[in-house]
Amino acid sequence: MKYPVVMPHLGATGGDVKIIEWLVAESDLVLAGTALLSVESDKSVVEVEAFRGGCLIGPLAAPGSSVAPGEIIGYLIDDSAGAALTSATRPALESVRVTSTTAHLRPASTLANGEPCAATVAAKLSPAQAGKGRAAFAERLAEAFATMVLIRRYEEHLYQLFLQGLVPGTLHQCQGQEAVAVGVCSALRRDDLVYSTHRPVGHLIAKGASLEAITAEIWGKVTGCVGGKGGQMHLADFAAGAMVSNAIVGANIPIATGSAMSFRLQGLDRVAVSFFGEGASNTGTFHEGLNLAAVQDAPVIFVCENNLYAASTHITLTTRIANIAERAAAYGMPGVVVDGMDVEAVYAAARTAVARARAGKGPTLIEAKTYRYRGHSRGDPGGYRKKDEHAAWMAQDPIDRLRRRLTGDFAIPAASLAEIETTAQARVEAAVEFARRSPEPSLESGLEPVFA
Ligand SMILES: Cc1ncc(C[n+]2csc(CCOP(=O)(O)OP(=O)(O)O)c2C)c(N)n1
């Protein structure tokens with residue numbers, strides 16, 4: 001079989017990109033994910049990865065040439081000779097993987113107001129402790145598994161489509177961070193509100209937003225959750241309590257705080273959640289938002305997803321403290337560090353914070369230590385990260401961990417979990433089909449609703 005390699009949509013404007021160089025030679029065998037070539041768009045210089053394994057053949061677009069999104073720039077062939085060679089190459093490539101686990105998690109020590117520390121809130125319910133509620137507990141864990149798998153399948157499917165030039169606009173993906181979104185949202189009610197970022201898909205899915213409306217939004221269709229005008233960074237589902245995500249780093253922190261203050265003024269027991277990255281914790285809005293929330297006892301939970309990188313910048317280049325959660329002490333609120341690759345630990349921390357907020361005791365800062373497997377955004381293979389770091393985090397994969405817990409501690413048959421995965425894949429493909437078949441917005445609708 002011969003599969004075309006097409007130029008993905010990489011620039012900010014959807015225009016042509018320039019080929020700088022091919023990083024593999026013609027006739028080379030590559031694995032899915034191998035960086036094939038580097039290109040320059042109107043936004044940045046990025047590498048384009050192979051969407052599948054195979055032998056690279058021409059015609060290869062020449063370095064220096066300009067290529068439009070969707071144009072074929074080469075082919076990957078997958079014949080029996082190619083397959084044999086690929087499997088011979090694979091062990092060599094995979095040998096760089098490290099299977100030991102990381103020692104990144106420190107015991108939480110930085111709490112204000114005598115609140116419970118992470119070690120307490122992250123304590124897991126054992127199957128024995130679950131007692132009579134064991135079946136119900138297993139069912140809830142299986143639900144969390146299903147949502148995490150749905151997020152992973154969604155993100156991976158879109159990544160594959162992106163590499164084939166089929167996704168318009170941008171993508172900021174959250175593979176690896178699923179346990180944070182699902183752990184937090186599992187502790188919320190539908191009428192609680194979540195405020196997300198430029199990396200919103202996991203939060204939206206975990207809060208129960210419509211998969212079809214999210215996908216149609218990414219494709220810019222009228223059936224999209226904001227009518228096709230927002231794109232991937234501006235997703236919402238008000239009915240599910242997912243407010244419009246905000247691509248301005250740190251901007252949702254005071255907005256979620258204001259929303260929580262309004263709940264308090266109205267005497268409601270709803271809570272608001274602000275998700276943000278560790279990069280956002282160095283913005284002014286973080287400090288203003290947390291201080292205001294603390295003095296107002298606002299029912300808001302600040303969830304810092306510390307995935308170590310703000311775009312390509314490692315946290316050690318921007319932050320002198322070991323835990324972002326330590327900053328909570330400066331504002332007089334509990335700061336909790338939690339293993340963001342463990343959905344039960346995240347849920348336990350979120351449940352404590354939500355209970356505190358609903359009881360009128362104010363905000364909590366939760367720092368979830370996690371990792372994003374993909375690059376910062378489309379076309380960024382994340383080459384600034386060391387392979388052993390990446391592999392060590394993948395060895396902690398939140399979905400694999402939960403799968404082991406369910407099959408091991410709760411004797412859920414592996415076949416049931418495999419069925420969940422098949423169902424998730426089908427849902428993802430149906431949502432993409434819905435989006436692709438949906439109509440484009442009319443030109444005139446671009447002016448609605450615009451106020452002058
Ligand atoms: C105020 C502002 N500054 C810069 C940017 C460009 N930008 C977009 S995402 C990003 C990195 C954010 O990192 P982090 O907050 O850690 O979130 P993550 O991407 O890791 O989820 C930057 C600098 C922006 N969108 N808004």
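Before moving on, here are some points about what is shown:
- Cβ-derived FRET efficiency at R0 22 Å, Ala68 paired with Leu443, nearest 0.05: 0.50
- Dividing the summed helix terms, -39500 (n - 2.57) for each DSSP H run of n ≥ 4, by the number of residues in the chain produces a 222 nm estimate of -11000 deg cm²/dmol to the nearest 500.
- You can think of it this way: the chain between Ala411 and Asp78 has 115.9 nm of extra reach, that is 0.36 nm per residue less the Cα-Cα gap.
- The Rg/Rh ratio of region 364-437, with Rg taken over Cα atoms and Rh as the Kirkwood radius over Cα pairs, comes to 1.07.
- Nearest-ten-degree value, helix 252-265 long axis tilted from longest Cα axis of the chain: 30 degrees
- Since only Met394, Pro381, Ile420 are under comparison, the one whose Cα sits farthest along the positive direction of the charge dipole of region 375-452, derived from C-beta charges on Lys, Arg, Asp and Glu, is Met394.
- Rounded to the nearest 20, the size of the Cβ-charge dipole of the chain about its Cα centre is 1280 debye, with Lys and Arg at +1 and Asp and Glu at -1.
- FRET efficiency estimate (nearest 0.05) - Cβ-Cβ, Lys361 to Glu143, R0 25 angstrom: 0.30
- Alpha-carbon radius of gyration plus Dmax, which is the widest Cα pair, for region 304-443 in Å: 19.5, 56
- Relative contact order (percent, whole number), the chain, Cα cutoff 8 Å, 6+ residue spacing: 18 percent
- Difference of contour (0.36 nm per residue) and Cα-Cα distance, Gln266 to Lys387: 38.5 nm
- Region 239-307: radius of gyration and largest Cα-Cα distance (Dmax), Å: 11.6, 36
- With the charge dipole of the chain set up from +1 on Lys and Arg Cβ and -1 on Asp and Glu Cβ about the Cα centre, the Cα lying farthest toward the positive end among the listed residues Val222, Tyr159, Ala144 is that of Ala144.
- Cβ-derived FRET efficiency at R0 45 Å, Val295 paired with Thr422, nearest 0.05: 0.35
- Straightening the chain between Gln160 and Lys2 buys 55.2 nm, computed as 0.36 nm per residue apart minus the Cα-Cα spacing.
- With the biggest extent put first, the Cα atoms of region 218-261 measure 34, 23, 10 Å across the principal axes.
- With the gyration tensor restricted to C-alpha atoms of region 131-437, the semi-axes of the equivalent ellipsoid amount to 27, 23, 21 Å, longest first.
- Approximating the spin labels as points 7 Å out from Cα along Cα→Cβ, the Ala35-to-Ala452 distance works out to 4.8 nm.
Each value in this text was obtained by applying a stated rule to the coordinates, not by laboratory testing. These numbers come from a predicted model, not from an experiment. Note: ideal-geometry Cβ built from the backbone for every residue, glycine included; neighbour counts use all protein chains shown.
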